[in-house]
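Student: Sharing a structure below in structure tokens format, with a few things to ask.
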Amino acid sequence: MPNLEEMMAVGQTCSEYTPILRGPQASQPDPEDISCENCAHWQGEDEMCELDIYLEQLLNLDQT
Ligand code: SF4
């Protein structure tokens, strides 16, 4: 099960991150707000990333 810390770490390094932020944040999202949780590709805790790269990204993080 993904946790918020990991989702943020992945979102901040993911090249496919596509923000779904609304309002003033939409054009210039705060880097600290970037997370899979607010990525257009995120399908929820069960299905996770629709591109199926979440776990791959997470593993890459561990190697750094
Ligand atoms: S949901 Fe998928 S595409 Fe979006 S930031 Fe996370 S891993 Fe990347």
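Student: Name every residue in the stretch 39-64 that is in a helix (DSSP H, G or I) and either touching a helix residue (DSSP H, G or I) at 6+ places or on another chain (Cβ under 6 Å) or near the ligand (Cβ under 9 Å from one of its atoms) (or both), in order of residue number.
Tutor: Selection gives Tyr54, Leu55, Glu56, Gln57, Leu58, Leu61.
Student: If a residue has to be modelled with pLDDT under 95 and either more than 10 Å from the chain's Cα centre (by Cα) or farther than 21 Å from Met1 by Cα (or both) to count, how many in the stretch 19-43 make the cut?
Tutor: The total comes to 14.
The values are calculated or read from the model by the stated rules, or taken from the named source; none is laboratory data. Keep in mind that this is a model prediction, so the values were computed, not measured. Cβ atoms come from the backbone with ideal geometry, glycine included; neighbour counts cover every protein chain shown.
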